[in-house]
Amino acid sequence: MLKFQSLDGEPGGKVLPVGGKAGWGVAFGWMRDNKGTMEFCDLKAQYRRLKARVDARMQAVLEHGRFILGPEVRELEEKLAARVGARHCLTCASGTDALLLALMALGVGPGDEVVTTPFTFFATGEMITLVGARPVFVDIEPAAYNLDPAGIEAAITPRTKAILPVSLYGQPAEMDAINSIAAKHRLAVIEDAAQSFGALYKGRGSGNLSTIGCTSFFPSKPLGCYGDGGALFTNDDGLARAMAELRNHGQAERYLHTRIGINGRLDTMQAAVLLAKLEVFDEELAQRQKAAGAYTARLQDAVRTPMVLADRTSAWAQYTIEVDERAEVEKALAAAGIPTAVHYPTPLHLQPVYAELSREMGWKRGSFPVAERAAERVLSLPMHPYLTAEQVEAVSEAVRSAVGMAVNRG
Ligand SMILES: *Cc1c(COP(=O)(O)O)cnc(C)c1O
């Protein structure tokens, strides 16, 4: 830790190499600073490492005082666009607002339908409903838990306006297949890349794989700020202009309103935090990858471990296994001091608020069997760039023993 801070404090000082002789976690002093506790996503360890650059970036904002759409916002947008190779990046107030702004820019509204996955965070369906359109769910494929292209065409009607795949847990959805179905039916594709910023699909950056890509900078996402934040990507000049105006009350110029929009801007302060974190993002992605590899090596003979398809990478927003007796395994891990989470326990078609939609569409339990089975079995383990080898080992051992206990009792 101390070693790291001094390295970090030097202007232009380089960051520690990933996986040096001392082991990746030991280098960050995780064991020393977090004795006895384990965090699901350790933002404090990250701040200790990045303190000098984050503080300097935030201090600069306090001093120039341009808190709304200040220079850091533009700088961040340029860097993010370059990173994914998109013509345009527009930051916004959250991943949820990114989805809302994308749908608004495409003119999706009452009477329209959007094909999407039922196995996602609620915001994906929620924003479709909020603009007055109807989410039409299609089941996922079991390998990566993403929208199954094989089911999409049967769900398309004359009212369909867009397809909204989610790149769940950090792994891009089957974008080529989805884009070609969309092209055939003249539909837009919005990638919900809230969990997958930093991942690659056939060498291209997640977020820049379709008409519009949406991501989130919620603190625990792979690239997170210190509050809410999000971004939109597109290569379409007209959509970029629309989204830029929509996020700022539909203003084409100051006090000249040409659209009904929202207050959906990213704070300059959050842009400053993200600029500091972006400097080490590639290294952090490599550390997540290393932790994921270590988990898989220790767990693949005991539980169903995540599958990353050959033509893509994962940003490892989550490391999610499947287990038979999930409630028991969760309880055993909690007793061992290991935090876990379920992403997500209830598919969208079974959410109380969608009871009426499901009645109308004839959806019930059993309608999307792959999603429903996953919702009952998935369990996410601690995952962040500052996990130590010892922690991965401890979590893996606890999972192996919990699974063994569940099997013996079952
Ligand atoms: C986090 C997330 C969102 C919402 O992002 P916020 O920044 O929290 O609004 C949307 N979709 C998915 C898949 C997410 O994981």
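Using a 1.4 angstrom probe, figure out how much accessible area the chain has per residue, in square angstrom, rounded to the nearest whole.
So the chain comes to 41 Å² accessible per residue, rounded to a whole number.
With only alpha-carbon pairs counted, each pair once and no self-pairs, how large is the Kirkwood hydrodynamic radius of region 49-278 in angstroms?
In region 49-278 this quantity evaluates to 17.6 Å.
Whenever you get a sec, line up 288, 66 from highest to lowest accessible area (probe 1.4 Å, protein heavy atoms).
66, 288
Go ahead and estimate [θ] at 222 nm for the chain from helices alone: -39,500 (n - 2.57) per DSSP H run with n ≥ 4, summed, over the residue count, rounded to 500.
After summing the helix terms and dividing by residue count, I get -12500 deg cm²/dmol.
Let me know the shape class of the chain, please: from the alpha-carbon gyration tensor, a ≥ b ≥ c as square roots of the eigenvalues, rounded when a/c is under 1.5, otherwise prolate if a/b is greater than b/c, or oblate.
Oblate shape, in that a/c is at least 1.5 and b/c is the bigger or equal ratio.
Return the distance in nm (one decimal) between the two label points of a simple spin-label model at residue 47 and residue 351, each offset 7 Å from Cα along Cα→Cβ.
If labels sit at residue 47 and residue 351, their model points lie 3.0 nm apart.
Calculate the FRET efficiency for residue 55 and residue 75 from the Cβ-Cβ distance with a Förster distance of 22 Å, rounded to the nearest 0.05.
Efficiency, rounded to the nearest 0.05: 0.80.
Against the empirical 2.2 N^0.38 Å scaling, what ratio does the C-alpha Rg of region 268-410 come to?
Dividing the Cα radius of gyration by 2.2 N^0.38 Å gives 1.24.
Considering only DSSP beta bridges whose two residues both sit in the chain, what percent are antiparallel, to the nearest 5?
If I count the DSSP bridges inside the chain, around 65 percent turn out antiparallel.
With a 1.4 Å probe and every protein chain kept in, tell me what percent of the accessible surface of region 49-278 is carbon plus sulfur.
Within region 49-278, the accessible surface is 55 percent carbon and sulfur.
Which of rounded, prolate or oblate describes region 275-340 when judged by the alpha-carbon gyration tensor and an a/c cut-off of 1.5?
In terms of gyration-tensor shape, oblate.
At 0.36 nm per residue, minus the direct Cα-Cα distance, what do residue 159 and residue 259 gain on full extension? Give it in nm, one decimal, please.
Full extension from residue 159 to residue 259 adds 33.7 nm.
DSSP H helices in the chain with Cα extent of 24 Å or more along the helix axis and mean Kyte-Doolittle hydropathy at least -1.0?
Within the chain the helices that satisfy the rule are 43-64, 281-299, 389-409.
Pull up the DSSP beta bridges for region 49-278 and report the antiparallel fraction as a percent, rounded to 5.
55
The values are calculated or read from the model by the stated rules, or taken from the named source; none is laboratory data. The structure displayed is predicted, hence computed values, not measured ones. All Cβ positions, glycine included, derive from the backbone under ideal geometry; neighbour counts span all protein chains shown. SASA here: full protein model, heavy atoms, side chains in, ligands and nucleic acids out. Shrake-Rupley method; radii C 1.70, N 1.55, O 1.52, S 1.80 Å.
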